[in-house]
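Q: A single structure is presented below for examination.
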Amino acid sequence: MRSLMLALILILVCFSCKKDEIMFFEGKDALSIYVGQYEADSTSYSFASRLPSVMRDTIFLKIRVQGAPAKTDRKFQLAADSGSTAVEGADYILPEIILPADSVRTLYPVILSRSAKLKEKTMLLNVAVKASDIFEKGAIGQEIKKTFSIARYKIKFNDYLSKPTYWDDIEWAVGEFSVTKLQFMFTVYGEDTVFGDLSTGEILNMRLRLRAAQKTYEAANGPLLDENGKQVIF
């Protein structure tokens, strides 16, 4: 009886091992867009914070392989997802790029174009991984070190500015508002600057810094004129 039981156990073990071997599957690696724990899955961008000569700009997305690194370079591309209102070629470019050998992470360039319609309308671009012969779309959700793989990254972009609510608080330092003046200030301080959040000391220094930057600009480009043809004065 004991011999019969041992024989049955051995048969079950062998069957289980064989079953595991049959079920094992090695598919393509997957690719995902990912963000950090405190990073958003979307962004808003305005060309209006840049000087008129800037016709393109780039937003970089973080990309990760869900799989092992390869010994060779691998090509991949992102694509516009459903719900996008931006038009490929006219409003954006999503190039095919190379993930270098032995790499599992890279930055992907989403190239935005300054089309004329952005003066009147905000465009939406939902960016997602494009499946290929090399990569599948990755699974979404929390992964290592509190990062998150996401199904898509949303970009809203336009080309218009309006007078910010904080302007009355800084007008004594920078003068009358104009869109061109604010654009120039962004080129000096950075496009994410909220001038209303600057300290009193920084606001006191602002006029000197902006005048010095304007002098350098005008030496190379001529007078800095606003959208109404008036010279910008700080």
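The values are calculated or read from the model by the stated rules, or taken from the named source; none is laboratory data. Owing to the predicted nature of the structure, the values given are computational and were not obtained by experimental measurement. Don't worry about glycine lacking a Cβ; one is built from the backbone with ideal geometry, like all the others, and counts go over all protein chains shown. Please note that ligands, DNA and RNA were not included when accessible areas were found on the heavy atoms of the full protein model with its side chains. Shrake-Rupley method; radii C 1.70, N 1.55, O 1.52, S 1.80 Å.
Q: Please list the non-local residues whose amide H lies under 5 Å from the amide H of L61, H modeled 1.01 Å from N, same-chain partners needing a gap of 5 or more.
A: Y108, V110
Q: Please compute the alpha carbon radius of gyration of region 129-234, then divide it by the globular-protein estimate 2.2 N^0.38 Å. Two decimals is fine.
A: Taking the Cα Rg and dividing by 2.2 N^0.38 Å, one obtains 1.61.
Q: Next question. So what J values fall out for region 38-49 if you push phi through Karplus, 6.51 cos²θ - 1.76 cosθ + 1.60 with θ = phi - 60°, rounded to Hz, Gly and Pro as x?
A: 10, 9, 7, 9, 7, 8, 10, 9, 10, 5, 5, 7
Q: In whole percent, what relative contact order does region 25-124 give with Cα contacts below 8 Å and a gap of six or more residues?
A: Computed value for region 25-124: 33 percent relative contact order.
Q: Over its Cα atoms, what ratio of radius of gyration to 2.2 N^0.38 Å does region 28-165 give?
A: Relative to the 2.2 N^0.38 Å estimate, region 28-165 comes out at 1.13.
Q: Residue by residue through region 203-211, which ³J(HN,Hα) values in whole Hz follow from phi under the Karplus form 6.51 cos²θ - 1.76 cosθ + 1.60 (θ = phi - 60°), with glycine and proline marked x?
A: Per residue, the Karplus-derived 3J(HN,Hα) values read 5, 4, 7, 4, 4, 5, 5, 5, 5 Hz.
Q: Work out, step by step, the length gained on full extension between A116 and S132: first 0.36 nm times the residue separation, then minus their alpha carbon distance; give nm to one decimal.
A: Going from the current span to full extension adds 2.4 nm.
Q: Relative contact order for the chain: what is it in percent, counting Cα pairs under 8 Å that are at least 6 residues apart?
A: This gives 23 percent for the chain.
Q: Now a separate question. For G175, what residues show an amide H to amide H distance below 5 Å, using hydrogens built from the backbone and excluding near sequence neighbours?
A: none
Q: What number, in nm² with one decimal, is the all-direction average of the projected area of the convex hull of the alpha-carbon atoms of the chain?
A: 20.7 nm²
Q: While we're on this one: Set the Förster distance to 25 Å, then compute FRET efficiency between T187 and T43 from the Cβ-Cβ distance, nearest 0.05.
A: 0.80
Q: Okay, next question. Under a 1.4 Å probe, what is the accessible area of region 58-129 per residue, stated in Å²?
A: 48 Å²
Q: Tell me, what is the FRET efficiency for F60 and N221 to the nearest 0.05, using R0 = 30 angstrom and their Cβ-Cβ distance as r?
A: 0.60
Q: Quick one: Karplus J couplings for region 162-179, per residue in order, coefficients 6.51, -1.76, 1.60, θ = phi - 60°, nearest Hz, x for Gly and Pro?
A: With the stated coefficients, region 162-179 comes to 10, 4, x, 5, 7, 4, 4, 7, 10, 4, 4, 9, 10, x, 4, 6, 8, 4 Hz.
Q: Using a Förster distance of 25 Å, how high is the FRET efficiency between I203 and S162, based on the Cβ-Cβ distance and rounded to 0.05?
A: About 0.75, to the nearest 0.05.
Q: For region 106-214, calculate the relative contact order in percent as a whole number, restricting contacts to Cα pairs under 8 Å that are 6 or more residues apart.
A: Across region 106-214, relative contact order equals 23 percent.
Q: Using a simple charge model, +1 on the beta-carbon of Lys and Arg, -1 on the beta-carbon of Asp and Glu, nothing else, what dipole does the chain show about its Cα centre, in debye to the nearest 20?
A: Dipole magnitude for the chain comes out near 500 debye.
Q: Determine the share of the chain's accessible area contributed by carbon and sulfur atoms, expressed in whole percent, with a 1.4 angstrom probe.
A: Carbon and sulfur: 57 percent of the exposed surface of the chain.
Q: Also, I was wondering about something else. With charges only on Cβ, +1 for K and R and -1 for D and E, what is the dipole size of region 91-208 about its Cα centre, in debye, rounded to 20?
A: With only Lys, Arg, Asp and Glu charged at Cβ, the dipole is about 400 debye.
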